[in-house]
């Protein structure tokens with residue numbers, strides 16, 4: 001008889017995109033994120049102007065056939081900046097989620113499975129980090145290490161590692177007492193084999209929900225850091241930076257700068273929130 005092996009990629013694909021509850025939310029969320037990601041990747045080919053070039057058009061020019069999204073106070077084309085702006089904010093979000101999931105999930109697995117003093121010590125550290133307001137902790141880290149894509153991603157990752165740890169820990173504490181885990185122990189399986197072959201597949205659904213929420217929070221946190229001047233360098237085309245400077249131009253009637261950049265941030269956060277809501281509805285009958 002051919003033995004069936006667990007395939008994480010196949011499981012994730014069918015559990016997310018398969019027919020059933022929450023499919024409309026998930027498809028809508030994926031469509032938004034796919035559009036924004038594709039636009040950011042092919043930005044050099046579809047951008048009508050250089051997003052950083054000053055004086056392309058009149059200063060604070062309203063939307064027109066020549067500049068559909070208008071121009072900012074430096075005469076830069078807002079359409080080009082919107083097309084390019086998702087590159088950095090999405091890159092920071094993806095990097096932050098990858099880092100915190102890669103750290104929080106293994107720590108949660110090992111700590112809760114081994115238990116004892118190790119679990120108590122790690123839980124105390126994670127609870128201490130979790131008790132800090134996320135934006136304030138990110139501001140503190142950025143202030144110490146400076147502004148860059150990597151530093152911003154690391155600052156956000158540190159904030160959200162406890163989220164993965166707490167979810168994984170709560171799941172493992174109940175799963176490790178089940179009969180199939182005990183059977184794996186009796187068959188001679190080592191700790192890593194039990195954790196990653198028998199326990200991890202059972203909690204992937206919870207990790208996916210946390211990750212999608214984390215994506216939306218990371219985008220909003222990145223925009224918040226840009227808004228208070230602790231984000232990426234101001235010479236880069238970025239939605240958060242345009243939102244920051246757009247608020248000053250709003251007083252003079254230049255509403256198109258803050259509207260376009262704010263709408264893109266809202267769409268990015270909405271896309272991941274829809275995926276999270278749809279997947280949670282699919283996995284939890286109580287939500288349905």
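Rule-based calculations on the coordinates, nothing more; no lab input. This is a predicted model, so every value here is computed, not measured. Note that each Cβ is placed from the backbone with ideal geometry, even for glycine, and that neighbours are counted across all protein chains shown.
To the nearest ten degrees, helix 23-41 and the longest principal axis of the Cα atoms of the chain are 50 degrees apart. Helix 8-17 and the longest principal axis of the C-alpha atoms of the chain enclose an angle of approximately 60°.
The alpha carbon centroids of segment 183-218 and segment 224-288 are separated by 31 Å. Neighbour counts of other Cβ atoms within 10 Å put 215, 25 in the fewest-to-most order 25, 215. Test of understanding: what is the full-extension gain from residue 28 to residue 204, defined as 0.36 nm times their sequence separation minus their Cα-Cα distance? Contour length minus the Cα-Cα distance gives 61.2 nm.
Across segment 105-247, the mean sequence separation of Cα contacts (distance under 8 Å, 6 or more residues apart), normalised by length, yields a relative contact order of 28 percent.
Neighbour counts of other Cβ atoms within 10 Å put 168, 139, 92 in the fewest-to-most order 139, 168, 92.
The angle between the Cα long axis of helix 149-175 and the longest principal axis of the Cα atoms of the chain comes to about 30 degrees, rounded to the nearest 10.
Cut-off is 10 Å between beta-carbons; in what order do 241, 219, 258, 46 appear when sorted fewest neighbours first?
46, 258, 241, 219
When only Cα pairs below 8 angstrom with a gap of at least 6 residues are kept, segment 42-283 shows a relative contact order of 23 percent. For the chain, set up a GNM with springs between Cα atoms under 10 Å and report which of 240, 29, 55 has the largest fluctuation. Maximum fluctuation in the GNM of the chain, among the listed residues, is at 55.
On full extension, the segment bounded by residue 180 and residue 118 gains 19.9 nm, given 0.36 nm per residue less the C-alpha separation.
Mean-square fluctuations from a GNM of the chain, with a 10 angstrom spring cutoff on Cα atoms, peak among 211, 251, 269 at 251. A Förster distance of 22 Å, applied to the separation of the beta-carbon atoms of residue 228 and residue 74, puts the FRET efficiency at 0.55. Labels on offer are [x] 22.2, 75; [y] 17.9, 51; [z] 18.3, 57, and the one holding Rg and Dmax of the Cα atoms in Å computed from this structure is [x].
Between residue 270 and residue 187, the C-beta separation translates, for a Förster distance of 51 Å, into a calculated FRET efficiency of about 0.65. In a GNM of the chain with a 10 Å cut-off on Cα contacts, which of 111, 128, 31 has the highest mean-square fluctuation? Of 111, 128, 31, the Gaussian network model singles out 128 as fluctuating most.
Taking the helices alone, the chain has a mean residue ellipticity at 222 nm of -24000 deg cm²/dmol, built from -39,500 (n - 2.57) per DSSP H run of at least 4 residues and averaged over all its residues.
Subtracting the Cα-Cα distance of residue 197 and residue 251 from 0.36 nm times their residue separation leaves 13.6 nm of extension gain. Using a Förster distance of 35 angstrom, determine the FRET efficiency expected from the C-beta separation of residue 143 and residue 41, and round it to 0.05. Calculated value: 0.65.
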